[in-house]
1. Kirkwood hydrodynamic radius, chain B, all distinct C-alpha pairs: what's the number in Å?
2. Would you mind telling me the share, in percent, of accessible area of chain B contributed by carbon and sulfur at probe 1.4 angstrom?
3. I need the trypsin sites (Lys or Arg not before Pro) found in segment B:69-138, filtered to DSSP loop residues with at most 16 other beta carbons within 10 Å of theirs.
4. Under 21 Å between alpha carbons, and skipping anything fewer than 8 positions from A:K69 in its own chain: which lysines qualify?
5. If the viscosity is 0.890 mPa s and the temperature 25 °C, what Stokes-Einstein diffusion coefficient in µm²/s follows for the protein assembly as shown when Rh is the Kirkwood radius over Cα pairs?
6. Give a quick list of GluC sites (Glu not before Pro) in segment A:163-198 that DSSP marks as loop, anything other than H, G, I, E or B, with at most 16 other Cβ atoms within 10 Å.
7. Binning at 5 angstrom from zero up to the longest distance, how are the C-alpha pair distances of segment A:197-345 distributed in percent?
8. Going through the cross-link list B:K244/B:K315; A:K116/B:K244; B:K115/B:K145; A:K148/B:K212; A:K190/A:K263, which pairs have a Cα-Cα distance over 27 Å in this structure?
Amino acid sequence: MNMSLNRIAFLYNVRRNYPDPNEKQVQLDTDFDDPATIDSFVKHLQNLNLTVLPIEADESAYLRLQENKDKIDLVFNFAEGLHGRDRECQIPAMLEMLKIPYTGGSPLTEALVLDKAIAKDVLRSHGVPVLPHQVFSTETEELDLELKFPLIVKPNSQGSSAGITNDSVVENENELRRQLKFVISNFKQKALVEPFLDGREFSVPMLGNNPPEILPIIESDHSTLPAGLKPLDSLEVKWIVEEESGGANFICPAKISPDLEEKIKQICLQTWEVLRLCDFCRIDIRCDRAGNPYVLEVNSPAGLIPPEVSMTSYFPLSARVAGMDYETLLKKILSAACHRYGITY
Amino acid sequence: MDKEGSPQSVGIIYSEVKREYFPTETQYLTEKDAEHDAKIIGGYLERMGIKVFYYPGTPTLVVDLLRDRPEMVFNLVGSIHGQEYLASTIPGILESLDIPYTGAGILGETLAYNKFLVKDLLQSHGIPVPRSQLFSSPNLLLDMKMRFPLITKLNEIHGAVEITKDAVSDSEKHLRERLKFLINTYKQPALAEEFIAGREITAIVLEGLNRKVYLAEKIFKEENNPNQIASFEYQWTEEAHYQKFEDPYLADLVKRAFDVLRMSDYGKFDIRMDQSNRYYFIDSNSNPAFGPKELDCAIANILGLYGIDFTEILKRLLLNTMRDAQGKERLPFTPSEGNSNNESTTNEYVAE
């Protein structure tokens, strides 16, 4: 007999401070969500006639999942994991152990996506265009001769632009060493260094499975940024400028030639296939000056801040452009996951 | 934790094994002694004055860990309910509880159970691997570049399961039959790779304060037959026979592979050397059979050739795991070491 979807658990991590490019420690929590986002998210799920059990993905998450296992038809996994080497895949790993169905990628997919360097290696080996990169464990390692300035320095395993600020773009050895030191010491993880591209920048939301639907592409309009800000989706731009401007510095749907659009879509579909993504994700793409697109990053789970909290969260914004309200979007994600597990919804 | 950084209490998590969890007797054999082996290892730890807790890798594990609160655990789990790919759930649970553990994290463990992806990654980092193709169905078109003989392997299972003489195909007809058997029996994709005839080297990486590589050549009974394979029968039913092997170049490749595959603490690689002395990495394992010589594990047998006994292996892992947990930096690989050093005279902790 087919199970039907009535009761879900919502797994999340909560941050206590709003992301601030000037507060190094606060940047560590950037991946997490505000309490208002969590509350609002739960209300929307309840509006879909579902009984919702919110569970914070902290040390007690496993026990709470185990205790409630028989009352959970599916988990909406929105958690990033608290700490550890592969924190984003802790919850999928627990859910596999407890045999509870869940939205989003498997532990392998989430682990690959979290480790930017290895995700790029895998994509490159399958012919998906990614930039050459180097991983630094210390700030003193020699720079590969292949890498030419300007370069960008990122934490290897952090999302939501955490650790990516105006200072991340480095023009010389001194700046490189300074930024490596900051990333490695502040985030206690390796730093990824790759060429900084200053061509057009896109974000591509993908929804559903076999194949996923590509929602309207978002383009960052760096020409509207305040003076002094470098043309990239930095922490300053994503969490401050975009909020203050109400989204005036991005365009959705992107004004894009059919050729480039097709190229980007093919790259994203290939990325989805290679990394075995599931249900929903958002892929960041940047072009070089010749207009060739490269995969910068994969966001899984992608940010889904409800509209009453923020009107600039990329995935829900793109869904709205496609004529899909927030609850319909959530319903589609749940439906995609249910379909994979044979759950009626 | 004592003054030297060693834990006072340690947990050992091992696979819970029942015959009905496994599709075949051969796969069951690879794990059937998990609890017994854990007790043997625990005996060594107890003799070091450490309190040892034993845990089967089951869904109730968390309750037991929270009750006992061991300072760290040895994660020896190779499968959950017979599913090897679920072994990565253990590091996930341990990380969420903030309990230090030996071995790879979730990424390293999940990668280990996808041999095709491992080969892709190694190749993309310039580490030589035989040409291979993944089959999710026995009827997929064979890549024209693939050259017979081909050896078929399960993509997600270690322990040389189904690596028998019948695993080597000289014809497409035989290959199809073999693929059909593997895919239908184990319900997972199978990998076909070009069979490299030649000598077989096993590399063990062990992390202490430094990471070191220990190389040994597998000596088969029929020494002059280049088509020998390290079959299931060889691995599980016959006594292993290793001899020291030296090559700094290979040791460097192994170090690189260890990093690429996100292994930690220890790992094992199988490498073939063809008749032109070219190396090919044919297998890697982030969680290989672990135990002392009496359990006939490669790690103890090979390190024994270098004068390192099992107690010393345990000491290194205990200290390394506790150091990692404190966020201390690990030292880089010791240059050109491992395959040529005489370990019996060294104690790397003195330097600390």
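The values are calculated or read from the model by the stated rules, or taken from the named source; none is laboratory data. Quick caveat, the model's predicted, so the values are computed rather than measured. Here Cβ is always computed from backbone atoms with ideal geometry, including for glycine, and neighbour counts include all displayed protein chains. For accessibility, only protein heavy atoms count, side chains too; no ligands or nucleic acids. Shrake-Rupley method; radii C 1.70, N 1.55, O 1.52, S 1.80 Å.
1. Evaluated on chain B, it is 20.8 Å.
2. Whole-percent figure for carbon plus sulfur exposure: 49.
3. B:R131
4. Excluding near neighbours in sequence, the set is A:K99.
5. Rounded to a whole number, D works out at 93 µm²/s.
6. In loop regions of segment A:163-198 (DSSP not H, G, I, E or B), the sparsely surrounded GluC sites (Glu not before Pro) are A:E171.
7. Per 5 Å bin, starting at 0, the Cα pair percentages come out as 2, 9, 19, 22, 20, 15, 8, 4, 1, 0, 0.
8. A:K116/B:K244; A:K148/B:K212; A:K190/A:K263
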